[in-house]
Amino acid sequence: MLESIRPATAADAGAIAALIGSLTHYFVADGSAPAAQPFLATFSPAAIAGLLADGDYLCLCAEEQGQKGGQLLGVLTLHRPAHLHHLFVAPAAHRRGIARQLWQALEPHLDPAMPVTVNSSEYAVPVYQRLGFAATAEVQQRNGVRYVPMQRPPFLNPAATPK
C-alpha cells in the first residue's frame, strides 16, 4: 500500500537513478548509440543529486512502506515553472494510480494559469492523456531518444478570469 508522497532528498538520488535507469528501454531508441550517452548520463546518481539540489526543480517521491523500509514506487520532477521533467513509476506499481497521485501532489505547486509541458515517451502517452495532456507535435527523436511533445492546458483560463 502506498504510504506517502514526499519531497525527494539527496538520500534518494541513488534509488531515483536506479528506477529511471531500469526504464530507459521505454524511451531510448538505442542506449548503446554514442548520441544517447550524454542524455543517459543525466540519470546517474550524481546527476540526480545535482538536480535535487537545484532550486529550479521540485521532485516528489511515492513510496510504499514494507518490512524492508520504504520502497520507491515512483518519482515526479517539475522543472519550474511548468515543465514536467520526470514522471516514472516502477513497472511492478503500474496501473495502481501512482502517476495520478504524484500529479495530484504536484498540482498545488503549479501556477493554475500556466500550461504544463512534457516530452513523453510513446509508451507513456496514454498516461499523460488521462492527466489532461494532449500531443502538440508528432513523435520526435533527438540524441537517441524518442518522445512526443505534450501540453496540459492551464487549470484556469486567464481570459475568463474576472478583472
Q: Just need a number here: residues in segment 84-114 that are of a type outside the set (Gly, Ala, Ser) and exposed (fewer than 15 other Cβ atoms within 10 Å of the Cβ).
A: 10
Q: Within segment 74-86, work out how many residues are in a strand (DSSP E or B), modelled with pLDDT of 95 or more and out of contact with any His (no Cβ under 8 Å at 6 or more places or on another chain).
A: 3
Q) Just checking, how many residues over segment 124-163 are modelled with pLDDT of 90 or more and in a loop (DSSP other than H, G, I, E, B)? A) 10
Q | Pair list, Cβ under 8 Å, 6 or more apart: segment 129-148 residue touching a residue at least 12 places away in the same chain (Cβ under 8 Å), other residue of a type in the set (Phe, Trp, Tyr) and in a loop (DSSP other than H, G, I, E, B) | A | Val145/Phe27; Arg146/Phe27; Tyr147/Phe27
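The values are calculated or read from the model by the stated rules, or taken from the named source; none is laboratory data. This one's a predicted model, so the numbers in the text were calculated from it and none came from an experiment. Because the Cβ atoms are built from the backbone with ideal geometry, glycine has one as well, and the counts that use them run over all protein chains shown.
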